[in-house]
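Student: Starting off with a structure, shown below.
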Amino acid sequence: MDCQTQPVSKGTSRFPDAQALQKMMAARLAPSFAPHETLAEALLPHVLGSSDDGSHDVSHLQRVFKVAMTLRAAESGNAEIVAAAVLLHDCVQVEKNSPLRAEASRLSAEKAGEILVALGWEPARIEATTHAILTHSFSANVAPETLEAKIVQDADRLDAIGFVGIARCFYTAGRMNSALYDPFDPKAEERELDDLSFALDHFETKLFKLKSGFQTAAGRDMADLRHARMKAFIEYLHEEI
């Protein structure tokens, strides 16, 4: 008997579409943002799948959220505003080597505002959340004016230092096709620093400078430890090369 291929009806599929898949993923990930899992389930679909950058993926959001909640517990502030700002702070992603990099936090703040309006948030809460998103970025160089914004900035920067920061630095260098270090002058003793070409240079151009810019007392305490870990790593690395 001949086998006949049955036509597939248009508009049907055994596989969920991208939007449905993002909602499914959001539902699975939401518990890691407790006690704000309901908020997370509503906001994560606007973030998931927006980029393939593993240094700004959902695990980054989970880490920043965990630290932000720790800082908020020590410093006070509106927990829901902090949570929303963390969840949406990278909802528009721009590559590190893009000329628009300094605009990333502004673009994210604008998109976040639209998302929160659609959720029915009050204007004052939206403004507080978008301000925290706008000011979190090192590249934007905008000072945070509220406690919530200071907490979000500190939490995001804490993820840029310490052991996780080291891993993210080298991951990003690989994405940008940078070398690990200059084989002729690894410590940049007789040349200008160039972190677009050499991953190790990024520690001097940015990561070691972050320690002095933390906004909260709890953030400064955590930064001291993570900064020390990076310093030790670099010292041992130079011994090996």
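Student: Which members of the stretch 164-185 meet the condition of being within 24 Å of Q62 (Cα to Cα), touching a Phe, Trp or Tyr at 6+ places or on another chain (Cβ under 7 Å) and of a type in the set (G, A, S)?
Tutor: none
Student: Taking the residues in the stretch 191-211 that are farther than 16 Å from G165 by Cα and out of contact with any Phe, Trp or Tyr (no Cβ under 9 Å at 6 or more places or on another chain) as candidates, determine which candidate is most open to solvent (accessible area, probe 1.4 Å).
Tutor: E192
Student: Of the residues A199, A188, which single one is free of Cβ contacts under 8 Å to residues at least 40 places away in the same chain and either more than 26 Å from R63 (Cα to Cα) or not hydrophobic (A, V, I, L, M, F, W, C) (or both)?
Tutor: A188
Student: Determine whether the stretch 141-164 contains at least one residue that is surrounded by 14 or more Cβ atoms within 10 Å (Cβ to Cβ), of a type in the set (F, W, Y) and in contact (Cβ under 8 Å) with a residue 12 or more places away in the chain.
Tutor: Within the stretch 141-164, none of the residues are surrounded by 14 or more Cβ atoms within 10 Å (Cβ to Cβ), of a type in the set (F, W, Y) and in contact (Cβ under 8 Å) with a residue 12 or more places away in the chain.
Student: Output the number of residues of the stretch 62-76 satisfying the condition of being modelled with pLDDT of 95 or more and either in contact with a Ser or Thr (Cβ under 9 Å, 6 or more places away or on another chain) or open to solvent by 40 Å² or more (accessible area, probe 1.4 Å) (or both).
Tutor: 10
Student: Which numbered condition trips up M222, out of (1) free of Cβ contacts under 8 Å to residues at least 24 places away in the same chain; (2) surrounded by 13 or more Cβ atoms within 10 Å (Cβ to Cβ)?
Tutor: Going through the list (1) free of Cβ contacts under 8 Å to residues at least 24 places away in the same chain; (2) surrounded by 13 or more Cβ atoms within 10 Å (Cβ to Cβ), M222 breaks only (1).
Student: Tell me, yes or no, whether the stretch 116-128 has at least one residue that is open to solvent by 20 Å² or more (accessible area, probe 1.4 Å), of a type outside the set (F, W, Y) and closer than 26 Å to A223 by Cβ.
Tutor: yes
The values are calculated or read from the model by the stated rules, or taken from the named source; none is laboratory data. It should be emphasised that the depicted structure is a prediction, and the values quoted were computed from it without experimental measurement. Methodologically, a virtual Cβ is constructed for each residue, glycine included, from the backbone with ideal geometry; neighbour enumeration extends over all protein chains shown. These accessible areas exclude ligands, DNA and RNA; they are computed on the full protein's heavy atoms, side chains included. Shrake-Rupley method; radii C 1.70, N 1.55, O 1.52, S 1.80 Å.
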